[in-house]
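Below you'll find the structure, written out as structure tokens, and then a few comments.
The values are calculated or read from the model by the stated rules, or taken from the named source; none is laboratory data. Please read all numbers here as calculations on a predicted model, not as lab measurements. Ideal geometry is used to build each Cβ from the backbone, glycine not excepted, and the neighbour counts take in all protein chains shown. Just the protein is used for accessible areas: all its heavy atoms, side chains included, with ligands, DNA and RNA removed. Shrake-Rupley method; radii C 1.70, N 1.55, O 1.52, S 1.80 Å.
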Amino acid sequence: MKSFLLAIGLLCLGNAMLQAQNFMTPETMLTLNRMSVVATAPAQDFVLYRTSKTNLDTEKSDTQYYMLNLKTGVSTLLSLGGKSVFQWDKNGMYAKDGETLYVSGDMGNTWNTFYKTGKIGLVKVSPDAKYVAYSKEVQVNTVLGKEKYENWANTTAKIYDDLQHRHWDTWSDGKYNHLFVAAVAEPVERAKNLFEGKQWNTPQKPFGGAEDFVWSGDSQALVYVLKPKSGREFMTSTNTDLFAYFPKSGATQNLTEANHGYDVHPVFSPDGKKLLWAAMKRDGYEADKNDLMVMDWASRQVSNVTEGWDESVTGDIQWSSKGDEVYFTSAMRGTRQLFAANVKSKAVRQITSGNHDVNAVVATGKDAVWVSRSDINHNGDIYKVNVKNGAMTQVTDVNKAVYAGLKPATSELKMIDTHDGQSMGVWFHYPPDFDPTKKYPTLLYCQGGPQSALTQYFSTRWNFAVMTGKGYIVVAPNRRGMQGWGVKWNEAISKDWGGGAIQDYLSAADYAKTLNYVDGDRMAAVGASYGGYSVYMLAGLHENRFASFIAHNGLYDMQSWYGTTEELFFANWDAGSPWEDPQPLAYTKFNPSTYVQNWDTPILIIQGQLDYRVAYEQGQQAFQAARLHGVKARFLYFEDENHWVLKPHNALVWQNEFFRWLEETMPKQK
């Protein structure tokens, strides 16, 4: 009898454990395989991708490399001899190991020394294999006190004479990414530094990569992205240009001097006769309409392919195999989809549709394109797309076993009326096994940006599958400022941060409360960055709509934010300077700290010390103000995180504190 009862007990325990694993949890989310494409073969027949899986005990990742045959759909695990794959082009596959550049022409199975380079970054070999271009960090100026004063080696001082002293999450150490070009047949010591003595970067810091420089099809020119500015000019401008360096003559040409905004991501057509890139017109406006530009390489004549299209190119861009079209991804009505633009007719057509995000173009073929795709329940995988009808076929399934045991959330895009009579798309994400006859606690999700796309993305922090798995409905408005709803809607938020967009959030909350399955007494507003700013604004204006707030890296006081943020072009364009006369609304009517006397609702404030976009003091000020006004508050502080939360253990604490706060502060169900 005891054995029978024990067996029943174990069975019940097993069922309980199985039930606990039915929904996406923070632990599951953080230990999923993350698939990323490393390189595509020039013939577009093979793709090299890697999967990384985090060990939550060690916080380290186990990485595997696979070769995907696009014709058969078969992936093969590769053994790369301990070297990290770096790049692949028609001359073979390249890897770097210490201070040696390696090259292989046989799929990476054997390696041969190319030549000694010193410690380098990115590498591009010319199509004729006669030249190599590579990036390398170079010490340009001395800012460390211990380097200026050798007798005082223990000093931690840093000394700066201009801006650009810190960026994103890093203080400048006087080193910059310089581009070098060398003839393969000559000693590496003769490599030419294209930016000798300049405080310039290619690839662009902090997020530039291999897309920042490319060889022309005839190997005669290296085209690269550069913002030839430093100090104050660098931090107040977005004017990057495309430059061409001609190694035979040593000449350099600015290809985009006439344009004053961003010029990025140069790509030559398959026949090498045309140069494609993405461009924004206005200097200082980082969220300007992003267009596809095509240059005839022989005549240097430029055409704007998407000028007449009422959207912005927001993702990856690639030539079709014929070179007559350009494939790209862009936000579209709350999702991210694949598009094609005809170079001659300038017609833009949408290829894919559905409740998913197409994140990047991996490879192109005659009648098909391979892309990475995700949604709120699934991390990225590779799909094959029929470019004629948009049909999608899954090729990789790197988390198949995990997903098989999880119940997915469901999503619905509702169109609701705003305060000023416009129509706004709002995502409603429902818990697994959603029952419309029940009432659910609800989270109003406030997106950052502010001019970013709110789509079907899979996030390892603001993960809608985890939130719905905890039993919450997530209401995610595509408020004004969002991409995918036309250029006018996207631009409506500039210098109006606390106006229409905040009213959009209130409209979404009020609409949600009319739904029978939304518990209007148990609604919280949550968000990060501009979303955190929105939470602070709502805390002073909500008139008892919300029971709880969570703000991560939000802007609390606009004047002190302006004095501590680094990319000042963003602040100048979207908010204006606090010293203007008359003073912009961002520092008066649209300043969250103006309304702190109205705060009366519990608020969790999260901040990273290494966030220089929204400095630590913003969270500190908000927490201090809340407590001094007698408001229940909690301060979750990470001394080693930036604008995001990147370390797995920190991420798990973030997730647990997020839901613990909601459980503490949301009213109990009646």
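Take K205 and Q394, extend 7 Å from each Cα along the Cα→Cβ direction, and tell me the distance between the two endpoints in nm.
4.2
Find how many whole Å separate the alpha carbon centroid of region 325-349 from the alpha carbon centroid of region 493-523.
31
Please go through the residue pairs K407/K470; K175/K229; K192/K227; K124/K192; K146/K192 and name each one whose alpha carbons sit more than 22 Å apart in this structure.
K146/K192
Nearest 500 deg cm²/dmol is fine: what mean residue ellipticity at 222 nm does the chain get from its DSSP H runs of n ≥ 4 alone, each adding -39,500 (n - 2.57), divided by its residue count?
Values: 13 runs with 118 residues, N = 670.
Counting only the DSSP helices, I get -5000 deg cm²/dmol.
Determine which residues of region 368-403 fall in the zone a paramagnetic label at V74 would reach in this model, i.e. backbone nitrogen under 20 Å from the point 7 Å along Cα→Cβ.
382-384, 394-398
Please compute the modelled spin-label separation between S299 and A258, points set 7 Å along Cα→Cβ, answer in nm with one decimal.
With each label point 7 Å from Cα toward Cβ, the separation is 1.2 nm.
Keeping the other protein chains in place, figure out the carbon and sulfur percent of the accessible area of region 518-670, with a 1.4 Å probe.
After summing per-atom areas, the C and S share lands at 50 percent.
Using a cut-off of 18 Å between alpha-carbon atoms, which lysines can reach K670, once sequence neighbours fewer than 8 places away in the same chain are excluded?
K438, K439, K513
What does the charge count near H178 come to, summing +1 for each Lys or Arg and -1 for each Asp or Glu among other residues with Cβ under 13 Å from its Cβ?
Counting the neighbours of H178, the net charge comes to +3.
Any idea how far apart A347 and D324 come out in nm if each label point goes 7 Å out from Cα toward Cβ?
1.1
How far, in nm, would the chain grow between D521 and A157 when pulled straight, counting 0.36 nm per residue and subtracting the alpha carbon separation?
Extra length from D521 to A157 when fully extended: 125.8 nm.
Taking the Cα centre of each part, how many Å lie between region 386-435 and region 554-608?
With region 386-435 and region 554-608 each reduced to a Cα centre, they are spaced 34 Å.
Please say if region 233-309 is rounded, prolate or oblate, where rounded means a/c under 1.5 for a ≥ b ≥ c the square roots of the C-alpha gyration tensor eigenvalues, and otherwise the choice is prolate for a/b larger than b/c and oblate otherwise?
In terms of gyration-tensor shape, oblate.
For L144, project a label point 7 Å along Cα to C-beta. Then give me every residue of region 150-168 with its amide nitrogen under 18 Å of that point.
Residues passing the 18 Å test: 150-161, 165-167.
Which entries in K322/K384; K248/K346; K289/K647; K366/K400; K71/K136 show an alpha-carbon gap greater than 26 Å?
Too far apart for the 26 Å limit: K248/K346; K289/K647; K366/K400; K71/K136.
For region 208-345, what does the alpha-carbon gyration tensor say about shape, rounded, prolate or oblate, given a ≥ b ≥ c as the root eigenvalues, a/c under 1.5 as rounded, and a/b over b/c as prolate?
oblate
Classify region 120-202: rounded, prolate or oblate, from the alpha-carbon gyration tensor (a ≥ b ≥ c, eigenvalue square roots; a/c under 1.5 rounded; otherwise prolate if a/b is larger than b/c)?
Prolate, since a/c reaches 1.5 and a/b exceeds b/c.
Just add up the charged neighbours of I159: K/R +1, D/E -1, any other residue whose Cβ is under 12 Å from the Cβ of I159.
Working: positive: K146, K148, K158; negative: E147, D161, D162, D173.
Overall, the nearby charge balance is -1.
Once whole DSSP H runs in the chain are found, which of them have Cα atoms spread over 15 Å or more along the helix axis and a mean Kyte-Doolittle score of at least 0.5?
2-20, 530-541
When ligands, DNA and RNA are left out and all protein chains stay put, how many square angstrom of accessible area per residue does the chain have with a 1.4 Å probe?
Per residue, the chain has 43 Å² of solvent-accessible surface.
Where the eigenvalues come from the Cα gyration tensor of the chain, what are the semi-axes √(5λ) of the equivalent ellipsoid, largest first, in whole Å?
41, 32, 27
Any chance you could check the Cα centroid distance between region 129-198 and region 294-312 for me, in angstrom?
Rounded to whole Å, the Cα centres lie 35 Å apart.
All other residues with a Cβ under 11 Å from the Cβ of A508 taken together, and with Lys, Arg as +1 and Asp, Glu as -1, what is their net charge?
Spelling it out: positives minus negatives among the neighbours equals +1.
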